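Enquirer: The structure follows.
A short reminder: the numbers here are calculations on the coordinates, not readings from a lab. Small disclaimer: the values here were computed from a predicted structure and weren't measured.
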Amino acid sequence: MTGTPPDPAALAPDIQRMEETLDNLEKHFLQEKPFLCGYDISIADLFGVNEVIQVEPCGYGTLDRRPKLKAWIGRVREHVQPEIFDDVSQLIYRLAKAKQNL
């Protein structure tokens, strides 16, 4: 937001933690279940999906490498009405695009 590129060395530990967290979501929570807490959507999915989709516009391409997360986001989207999910998600993508135009 400042217009100054972030220091890659300063970001490296945070990116590593983010990758580990996303790995854990796939390996422990989405391994054999469609949703984070089981077979039905829960508040954990609603909050969790919001956090995960915020990472994508940052340019790390996490979903392309994470088919389980991508499929989970799709399931959550379908359960909360795609139009509503898309409206909320678009705000995140618009903010990311505005940041790129600074």
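Enquirer: For the chain, max minus min Cα coordinate along each principal axis, in Å, sorted largest first?
Expert: The Cα atoms of the chain stretch 44, 30, 21 Å along the principal axes, largest first.
Enquirer: Is it possible to state the helix-based mean residue ellipticity at 222 nm for the chain, with each DSSP H run of 4+ residues giving -39500 (n - 2.57), the sum divided by total residues, to the nearest 500 deg cm²/dmol? What is it? Working shown, then result.
Expert: On the way: 4 runs with 62 residues, N = 102.
Estimated from H runs of four or more residues: -20000 deg cm²/dmol.
Enquirer: Tilt of helix 8-24 relative to the longest C-alpha principal axis of the chain, in degrees (0 to 90, nearest 10)?
Expert: 0
Enquirer: Would you mind calculating the relative contact order of the chain from Cα pairs under 8 angstrom and at least 6 residues apart, reporting the percent as a whole number? Intermediate values should be presented prior to the final figure.
Expert: Values: 49 pairs, mean separation 26.8, N = 102.
Computed value for the chain: 26 percent relative contact order.
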